[in-house]
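See structure below.
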Amino acid sequence: MGKYFDMLLEDVRLREGLKACMNCGVCTAVCPAAAFYNYDPRQIVSIVQTRDDEAIEELLRSETIWYCGECMSCRPRCPRDNTPGYVIQALRRLSQKLGFFVESEKGRQQLAIKRAIGENILRTGYCIVPKLVRADMHPEQGTVWKWVLDNDEEIYGRFSENYNREGAGALRKVSDETLAELKRIFDVTGGTEFFDEIERHSERKAREMGYDGADERYFKDTYTHNSNKHY
């Protein structure tokens, strides 16, 4: 009893986010995700407070902890100064660390986020740059988006004279020295190890699901597939 709770306590976000919850439900009442998903932050905090290993592990393996948009609407409205959004962050990190995130559809999308955004930071210094947004992954953008990507130098060059070039301004090319420094920051702070965890657990789950590892097909399926069972 309490093994997972003790592990959660190692995360400063749990210590800051869960102080004296009385389960009033204000967080759920103001939560945009609760209005959209089958999601109840009050109930999640209540489960964590029980310190029950079985119940917390069920959370760690569930879709539920991935519904939060981290808007932090809950933070200023709690009468006891709790932050359910922080509790969710701690649960997510533990789920990633233990490999439980791959047991849910929304959790498996962590691989897509890691590859589509996380790797871009190390590659370019930005979370997202227009040139790396794949038109085939965003059909909702229509054919215009492909045209934008094919003509990005002309289009974005109107907003920044150093688009994709070194110098000052938005969307400038980040220097190799800065990118190397970013990589060192990831190495020292555990970011690189965290990325490796996402890949390792995704590889295992992909093979369990019949894929040839966490390949391009698995990546695209986790990125685009939605069972529509979450609402």
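Just so it is clear, none of the values below were taken in a lab; they were calculated from the coordinates. It should be emphasised that the depicted structure is a prediction, and the values quoted were computed from it without experimental measurement. With ideal geometry, Cβ positions are generated from the backbone for all residues, glycine too; neighbour counts draw on all protein chains shown.
Miscellaneous remarks
- Placing dummy labels 7 Å off each Cα toward the beta-carbon, the span from Arg207 to Asp187 is 2.8 nm.
- Counted charge near Ile128, where neighbours are those whose Cβ lies closer than 14 Å (Asp, Glu -1; Lys, Arg +1): +3
- Cysteines in the chain that, by Cβ-Cβ distance, have no pairing candidate under 4.7 Å: Cys21, Cys24, Cys31, Cys68, Cys71, Cys78, Cys127
- Whole-Hz Karplus values for segment 132-143 come out as 8, 7, 7, 4, 5, 8, 10, x, 5, 7, x, 6 Hz, taken residue by residue from phi with 6.51 cos²θ - 1.76 cosθ + 1.60 and θ = phi - 60°; glycine and proline positions read x.
- Taking each of Lys205/Lys229; Lys19/Lys106; Lys183/Lys220 in turn, the alpha-carbon distance tops 22 angstrom for Lys19/Lys106; Lys183/Lys220.
- Relative contact order, whole percent, for segment 11-74 stands at 36, derived from Cα pairs under 8 Å and 6 or more residues apart.
- Karplus (6.51, -1.76, 1.60) ³J(HN,Hα), θ = phi - 60°, over segment 43-51, in Hz, Gly and Pro reported as x: 5, 5, 4, 4, 5, 4, 5, 5, 6
- Three-way shape label, segment 153-218, alpha-carbon gyration tensor, a/c 1.5: oblate
- Label point distance in nm, Thr50-Ala29, each placed 7 Å from Cα along Cα→Cβ: 2.5
- Eligible aspartates and glutamates near Lys146 by straight Cα distance, threshold 12 Å, same-chain separation 8 or greater: Asp136
- Considering only alpha-carbon pairs that sit under 8 angstrom and 6 or more positions apart, the relative contact order computed for the chain is 19 percent.
- Classified by the C-alpha gyration tensor, segment 39-169 has a prolate form. Its axis ratio a/c, with a ≥ b ≥ c, is 1.5 or above, and a/b is larger than b/c.
- Modelled spin-label separation between Asp81 and Asn162, with each label point placed 7 Å from Cα along the Cα-to-Cβ direction: 4.4 nm.
- Quotient of Cα Rg and 2.2 N^0.38 Å for the chain, N being how many residues it contains: 1.16
- Shape of segment 50-126 from the C-alpha gyration tensor: oblate (a/c of 1.5 or more and a/b not above b/c, with a ≥ b ≥ c the square roots of its eigenvalues).
- J(HN,Hα) series, segment 191-204, from Karplus relation 6.51 cos²θ - 1.76 cosθ + 1.60, nearest Hz, glycine and proline x: x, 5, 4, 4, 4, 5, 4, 4, 5, 5, 5, 5, 4, 4
- Within the chain, longest stretch free of exposed GluC sites (Glu not before Pro) [DSSP loop, at most 12 other beta carbons within 10 Å]: 71-160
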